[in-house]
Amino acid sequence: MGKVVMYSSVSVDGFVADENDQPGPLFDWLSSGDVPLDESGALKVSQTSYDYVRPYWDQIGVTIVGRHVFDLTDGWDGNPPGGIDHVVVVTHRPEPEGWDPHAPFHFVNGVEAAMATAQELAGDRIVEVAAGDVGGQVLAAGLIDEVRMDVVPVVFGSGKRYFGSVQAQHLLEDPDVVIHGNRVLHLRYWVRR
């Protein structure tokens, strides 16, 4: 089984979106450089960010998201973002009416079922869990191995929290990666067991 990583860009004060579900400048670092991050050329980062992010992205087999993110993105039109093979959507509702049954999206009820499905699909590749409410639920269930944050120099003041509504304390190890890119600080923490 591959490791399970909670990941997102985040404001300095811990938010992945503002009160209106908008990321604001959280993704500006993805266009602040001159090195293409993918084949489309739409994302361009600093060489430092590329050297950190690209190898990580290449290891992701499955991403777990909540239904809220799925709905906000219109399910990425049935194409998993960033070249990921599969998306597992945690939801209590059925897939949208008219959804392409051949799209590599899997709709499951609850984070434990999502993790079981994701690990089966990912094999020895990384299972990425989107930060926010679902990410917080997976962390609370003790299923996260590593926390990655792309910290952007902005303060939102309020909004959607990186760890969702986690109520209990969870200890992380000291960061073993601290990389300064253009308009972003890449951090990686292992979850203490």
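The values are calculated or read from the model by the stated rules, or taken from the named source; none is laboratory data. Keep in mind that what you see is a predicted model, and the values were worked out from it rather than measured. No Cβ is skipped: glycine too gets one built from the backbone with ideal geometry, and neighbour counts run over all protein chains shown. Surface accessibility is based on the protein's heavy atoms, side chains included, excluding ligands, DNA and RNA. Shrake-Rupley method; radii C 1.70, N 1.55, O 1.52, S 1.80 Å.
Data overview
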| read-out | value |
| --- | --- |
| Local electrostatic count at Ile84 - Lys and Arg +1, Asp and Glu -1, tallied over other residues with Cβ under 13 Å | -3 |
| Over the chain: helical MRE at 222 nm, DSSP H runs n ≥ 4 each giving -39500 (n - 2.57), nearest 500 | -6000 deg cm²/dmol |
| For Phe107, distant residues with modelled amide H under 5 Å away | Val89 |
| Equivalent-ellipsoid semi-axes of segment 38-87, from the Cα gyration tensor, Å, largest first | 23, 13, 10 |
| Per-selection Kirkwood Rh - the chain (Cα, Å, 1 d.p.) | 17.0 |
| Protein-only accessible surface order, largest first, of Lys160, Lys3 at 1.4 Å | Lys160, Lys3 |
| Distance cut-off 16 Å, percentage of C-alpha pairs in segment 6-46 lying past it | 44 |
| For the chain: relative contact order, % (alpha-carbon pairs under 8 angstrom, 6 or more apart) | 33 |
| Summed residue charge, Cβ within 15 Å of Asp58's Cβ, Lys/Arg positive, Asp/Glu negative | -2 |
| Paramagnetic reach from Asp51 in segment 169-190 [backbone N under 15 Å; point 7 Å along Cα→Cβ] | 177-182, 186 |
| Within a Gaussian network of the chain (alpha carbon springs, distance under 10 Å), most fluctuating of Asp13, Asp38, Asp176 | Asp176 |
| Cα convex hull volume per residue for segment 108-193 (Å³) | 127 |
| Rg in Å to one decimal, and Dmax rounded to a whole Å, for segment 91-146 via C-alpha atoms | 12.3, 36 |
| Cα centroid separation - segment 92-110 against segment 123-154, whole Å | 22 |
| Whole-number D in µm²/s for segment 1-112 (Stokes-Einstein; Kirkwood sum over Cα pairs; 10 °C, 1.306 mPa s) | 101 |
